[in-house]
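Worksheet: one structure, shown below.
The values are calculated or read from the model by the stated rules, or taken from the named source; none is laboratory data. What you see is a predicted model; the values in this text were computed from it and never measured. Neighbour counts run over all protein chains shown; Cβ positions are idealised from the backbone, glycine included. Note: areas computed on protein heavy atoms with side chains; ligands, DNA, RNA excluded. Shrake-Rupley method; radii C 1.70, N 1.55, O 1.52, S 1.80 Å.
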Amino acid sequence: MYLIFAVFSLLIFQVFAQNCTTCVSSGNVWCVESSECKSNFSSCQTQISLKLNCPTLIDPKYAYDDHFMRTQQLTLASASHGDQIQKCFDNQIPTMKFFNIRIVNCSSDASDVTCTGYTAYDISQKVIVISFKGVDGDDQLQQLYDGYDNLGLQSYFGVNGKIFKIIYNWFMLLWNGGIEKDLRSLKYKYPGCDLWINGHSLGGELAWTAASLVATSGLYKPENIKVVTMATPRMFDYDFAICSPTPITSFIGMTPSQGATKLIHIQIQRLCSIPELKYENFLAIFILSSLTGASADNCSSCVSSGNIWCVESSQCNTTFSSCQTQITVQLNCPALPKYAYDDSFMRTQQLTFASASHGDQIQKFFGNQIPTMKLFKLRAVTCSEGNANIMSWVHRL
């Protein structure tokens, strides 16, 4: 019965997706709640007018793989933030071998602003890896923001759409600074291997750029490329998004709050620097567990008593010889989805709040999106002693 229901639901979703895509492609608007297509709606709550926003079925070949993300990609991204890459691999992925690292100065006026990428290979998994390092230091972060603001977007690699010019420039410095040479050497030495490209933060932006170049140049076929980005800002326009030739395996495609981003940066760097720190310690940060409430309770009780919880077997022991995912910290035990992601809440409420803070007509914004919400007060203060133009805005609702 459950299988029949699942298949039926899948078919319904597929029809829904096709109707939305057809509707929007014809220049109309799709209403999510009523599944209707019209030129305009007077009362529809969730309207889709862009093809990219229509729901799509994920090809299982590129679907999220929890084991792959924990045991491979976190380690590969973490290794780029340290100076002992092979040691990091030895602790986490013994079959992975470091090949070369490229560090280039990517600033014309600051010697400490560098861009970094490394290559590696794993014969047993038949893969070649390129991993890019994230932002390193306040100077590079400031130059990145200045580049966003001042250099704008540019077309590249024969792909429809544009990306930030600062990202293009920094990537090309790395590509011409040795990454291309290293990749071609590995491809020649180990033919038939797939390509994994990953990165965290700025590294994720460089990974997207690398994937597009590699795919459009014919160096690798898109189906032989996996791209994983973590906490990566969006760095391309709509046309690029809908035309990207690379199948993407996306780990975290979000721009979290400043505090959350800082936490992710710290944890990414810690994974390789502490040998006994294994991937299960990232559960609380990255993984939304699908375990039942009973399993969550059992895990908490197990860990609280000083034992270890095995995720795969749902067992509690003092030690395990073969358990793949072991939990030793109570914070990493799965929790019931009391605070789970709510798509309607995010679209209809939180996006509006965040957007309103960037304008000077907050109540008018509420009137258009959340009529029942009323602005109470706006606070704007100067938060720089040397620059009166640097302001901090707070509004209370």
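Considering only region 325-369, state which residues are modelled with pLDDT under 80 and in contact with a Lys or Arg (Cβ under 9 Å, 6 or more places away or on another chain).
The one that is modelled with pLDDT under 80 and in contact with a Lys or Arg (Cβ under 9 Å, 6 or more places away or on another chain): THR325.
The rows are residues; the columns are (1) under 22 Å from GLN350 (Cα atoms); (2) at pLDDT 55 or above.
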position: ILE4; (1), (2): no, no
position: LEU11; (1), (2): no, no
position: THR21; (1), (2): no, yes
position: GLU33; (1), (2): yes, yes
position: GLN45; (1), (2): yes, yes
position: ILE48; (1), (2): yes, yes
position: ASN53; (1), (2): yes, yes
position: TYR62; (1), (2): no, yes
position: PHE68; (1), (2): no, yes
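Could you grab me the full set of residues in region 68-104 that are farther than 11 Å from LYS133 by Cα and either assigned to a strand (DSSP E or B) or open to solvent by 50 Å² or more (accessible area, probe 1.4 Å) (or both)? Give the steps one after another, and end with the answer.
Taking region 68-104 and keeping what is farther than 11 Å from LYS133 by Cα, we get 68-75, 83-100, 104.
Matches in region 68-104: ASP83, GLN84, GLN86, LYS87, ASP90, PRO94, THR95, LYS97, PHE98, PHE99, ASN100, VAL104.
With the requirement that a residue be modelled with pLDDT under 80 and within 30 Å of GLN45 (Cα to Cα), what does region 370-395 give you?
Hits for region 370-395 are TRP393, VAL394, HIS395.
Wholly within region 115-198, which helices (runs of 4 or more DSSP H) include no fewer than the required count, namely at least 1 residues that are within 15 Å of PHE98 (Cα to Cα)? If you could, list the steps in order and put the result at the bottom.
Values: elements: 138-151, 165-174, 180-189.
The helices (runs of 4 or more DSSP H) meeting that bar are 180-189.
Among what's in region 199-244 and is part of a helix (DSSP H, G or I) and of a type in the set (Phe, Trp, Tyr), pick the residue that is surrounded by the most Cβ atoms within 10 Å (Cβ to Cβ). Working first, answer last.
Our first condition is that a residue be part of a helix (DSSP H, G or I); within region 199-244, this holds for 202-217, 222-224, 238-243.
Filter once more, keeping what is of a type in the set (Phe, Trp, Tyr): 208, 238, 240.
Working: TRP208: 26, TYR238: 12, PHE240: 20.
That would be TRP208.
Here is a list of conditions, (1) in contact (Cβ under 8 Å) with a residue 40 or more places away in the chain; (2) within 30 Å of LEU52 (Cα to Cα); (3) crowded, with 20+ Cβ neighbours inside 10 Å, and ILE166 meets all of them except one; can you say which number that is?
Unmet for ILE166, out of (1) in contact (Cβ under 8 Å) with a residue 40 or more places away in the chain; (2) within 30 Å of LEU52 (Cα to Cα); (3) crowded, with 20+ Cβ neighbours inside 10 Å: (1).
Considering only region 135-154, how many residues are surrounded by fewer than 15 Cβ atoms within 10 Å (Cβ to Cβ) and among the charged types (D, E, K, R)? First the steps, then the outcome.
Within region 135-154, the first condition is being surrounded by fewer than 15 Cβ atoms within 10 Å (Cβ to Cβ), and the residues that meet it are 137-138, 142, 145-146, 149-152, 154.
Okay, now just the ones that are also among the charged types (D, E, K, R), so 138, 146, 149.
The total comes to 3.
Filter region 293-307 down to the residues that are modelled with pLDDT of 65 or more and more than 12 Å from ASN332 (Cβ to Cβ) and list them by number. Before you say what the answer is, go through the steps one by one.
Restricting attention to region 293-307, the residues satisfying the condition of being modelled with pLDDT of 65 or more are 298-307.
Listed by number, the residues that qualify are ASN298, SER301, SER304, SER305, GLY306, ASN307.
Restricting to region 32-52, name every residue that is open to solvent by 80 Å² or more (accessible area, probe 1.4 Å), in contact with a helix residue (DSSP H, G or I) (Cβ under 7 Å, 6 or more places away or on another chain) and not in a loop (DSSP other than H, G, I, E, B).
Within region 32-52, LYS51, LEU52 meet the criteria.
Looking at region 105-134 only, could you name the residues that are farther than 24 Å from ILE225 by Cα, modelled with pLDDT of 90 or more and surrounded by 14 or more Cβ atoms within 10 Å (Cβ to Cβ)? Spell out the reasoning first.
We begin by selecting, within region 105-134, every residue farther than 24 Å from ILE225 by Cα; these are 105-114.
Now restrict to residues that are modelled with pLDDT of 90 or more: 105-106, 113-114.
Matches in region 105-134: CYS106, VAL113, THR114.
Output the number of the condition that ILE179 fails; it satisfies all remaining conditions of (1) open to solvent by less than 50 Å² (accessible area, probe 1.4 Å); (2) at pLDDT below 90.
Here ILE179 clears every test but (2).
Which condition number does SER290 fail, the rest of (1) outside any loop (DSSP other than H, G, I, E, B); (2) among the hydroxyl-bearing types (Ser, Thr, Tyr); (3) modelled with pLDDT under 75 being met?
Among (1) outside any loop (DSSP other than H, G, I, E, B); (2) among the hydroxyl-bearing types (Ser, Thr, Tyr); (3) modelled with pLDDT under 75, the lone unmet condition for SER290 is (1).
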